[in-house]
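S.K.: Here's a structure for you.
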Amino acid sequence: MELTLRNITKTYPGGVTALDDLSLTIPTGMFGLLGPNGAGKSTLMRCIATLQDVDSGTITLGDLDIRREQDELRRVLGYLPQDFGLYPNVNAVTLLSHIAALKGLGTTGERKDMVEALLQRTNLWKHRKKKLGGYSGGMRQRFGIAQALLGQPKLIIVDEPTAGLDPEERNRFLNLLSEIGENVIVILSTHIVEDVSEVCSRMAIIDQGQVLTEGEPRQAIEEIRGKTWRLEADREDLPRLHQEHMVISTRLSGGRTIIHVFSETNPGPGFEAADPDLQDVYFTTLGGRLQEV
């Protein structure tokens, strides 16, 4: 099954264009949607989730026309928005059971089994009777995934899910997403490049409501291999280097300033070939966009 978006445009009152003739094809598996804040990621996620409509274009999930068959889409959708509210004085079992009932899922006994299985899967079973207001950030996100998985959805959307999580919770959460993404479409919308690099088999980078590039992360990395260069620089030289080269990124490493530069050939003395990663792809892509502007 594929999620297909064709020529999607969305303009808000006041003339701000959030999505600008955007087209994407998203297959089964983990799909990373990368972009800076304000790129249009959250608007796109809300439009796919039928929380708001686009001005023009088509969105289909298999044979399902999402714009015309919104109720049908919601039956097969799991959604974890960037900010979602919880009832702090309710425990996980009670709230999950309530959400399942609102969705009309099964009998009371079937919902009980469903809730138990999801809490086991998200490693929340031993905290099932704890009030949600006492959950840590990572536990809240795992509960968010549990509610998104109710009803065995075919499409799951998660928007900035690891922001604010500590490294252990982040790894646990990404491992859970990877497991889920083996059989359904999971869209991971984020500005954290490492999340996409670690778990996504395909990705797209968007900015200003447009797709700048899409494909496999490994292939994108290979396309800039031999064109990414590294230099240890003095901070006072950074303004000059930014003028003379297409600087991908500037990083501090062990108290030293390391810059990565994109160039078809060796940029000059002191530069050495760098082993590129997805962060280099991301900043090179956005840097090209800035040069065009």
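S.K.: How high is the relative contact order of region 125-189, in percent, counting Cα pairs under 8 Å that sit 6 or more residues apart?
M.R.: 40
S.K.: Still on this model: So, in Å, what gap is there between the alpha-carbon centers of region 61-88 and region 118-188?
M.R.: For region 61-88 versus region 118-188, the Cα centre distance is 16 Å.
S.K.: Convert each backbone phi in region 280-286 into a coupling constant with the Karplus relation 6.51 cos²θ - 1.76 cosθ + 1.60 (shift: θ = phi - 60°), then list the ³J(HN,Hα) values in order as whole Hz, x for Gly and Pro.
M.R.: These are the phi-based 3J(HN,Hα) values: 5, 4, 4, 6, 5, 5, 5 Hz.
S.K.: Starting from 0.36 nm per residue, how many nanometres of slack lie between Ala163 and Glu179 once their C-alpha separation is accounted for?
M.R.: Once the chain is fully extended between Ala163 and Glu179, it gains 3.8 nm.
S.K.: For region 34-46, take each phi angle, set θ = phi - 60°, evaluate the Karplus expression 6.51 cos²θ - 1.76 cosθ + 1.60, and give the result in whole Hz per residue in order, putting x for glycine and proline.
M.R.: 9, x, x, 4, x, 6, x, 4, 5, 4, 4, 4, 5
S.K.: Right, here's the next one. Using modelled amide H (1.01 Å from N, peptide plane; none on Pro or chain starts), what sits under 5 Å from the amide H of Leu19, excluding residues fewer than 5 places away?
M.R.: Lys10
S.K.: Using the Cα centre of region 31-104 as the reference point, and only Cβ charges (+1 on K/R, -1 on D/E), how large is the resulting charge dipole? Debye, rounded to the nearest 20.
M.R.: The calculated dipole for region 31-104 is roughly 200 debye.
S.K.: Another question about this same structure. Given the convex hull over the Cα atoms of region 191-292, what projected area results after averaging over all orientations, in nm²?
M.R.: Value for region 191-292: 7.0 nm².
S.K.: Mind listing which GluC sites (Glu not before Pro) in region 210-293 are in a DSSP loop and have 10 or fewer other Cβ atoms within 10 Å?
M.R.: Of the GluC sites (Glu not before Pro), the ones in loops of region 210-293 whose Cβ has at most 10 other Cβ atoms within 10 Å are Glu264.
S.K.: Related question: Helix 167-180 against the longest principal axis of the chain: what's the angle in degrees, Cα atoms only, rounded to the nearest 10?
M.R.: Once rounded, the angle reads 70 degrees.
S.K.: Would you grab the residues whose amide H sits under 5 Å from the one on Lys130? Only those 5+ places off in sequence or on another chain, please, with H modelled 1.01 Å from N.
M.R.: Ala92
S.K.: To the nearest 20 Debye, how big is the dipole of the chain about its Cα centre, given +1 on the beta carbon of each Lys and Arg and -1 on that of each Asp and Glu?
M.R.: Taking the Cα centre of the chain as origin, the dipole is about 1460 debye.
S.K.: Hey, another quick one. Can you find, among Asn123, Thr228, Thr108, the residue farthest towards the positive end of the dipole of the chain? Put +1 on the C-beta of Lys and Arg, -1 on that of Asp and Glu.
M.R.: Thr108
S.K.: Return the sequence-ordered ³J(HN,Hα) values of region 69-74 in whole Hz as given by the Karplus equation 6.51 cos²θ - 1.76 cosθ + 1.60 applied to θ = phi - 60°, using x for Gly and Pro.
M.R.: 10, 5, 4, 5, 5, 5
S.K.: Order by neighbour count: Ser97, Ser253, Ser56, fewest other Cβ atoms within 10 Å first, most last.
M.R.: So the residues, fewest neighbours to most, are Ser253, Ser56, Ser97.
S.K.: Amide H to amide H, which residues 5 or more places from Ile248 or on other chains are under 5 Å from it, using H placed in the peptide plane?
M.R.: Hits under the 5 Å cutoff: His260, Val261, Phe262.
S.K.: Pairs of Cα atoms under 8 Å, at least six residues apart: use those to get the relative contact order of the chain, whole percent.
M.R.: 21
S.K.: Given the DSSP H assignment, sum -39500 (n - 2.57) over each helix run of at least 4 residues in the chain and divide by its residue total; what's the result at 222 nm in deg cm²/dmol, nearest 500?
M.R.: Rounded to the nearest 500, the figure is -10000 deg cm²/dmol.
Here, each number is a calculation from the coordinates, and none is a lab measurement. Computed from a predicted structure; not experimentally measured. Because the Cβ atoms are built from the backbone with ideal geometry, glycine has one as well, and the counts that use them run over all protein chains shown.
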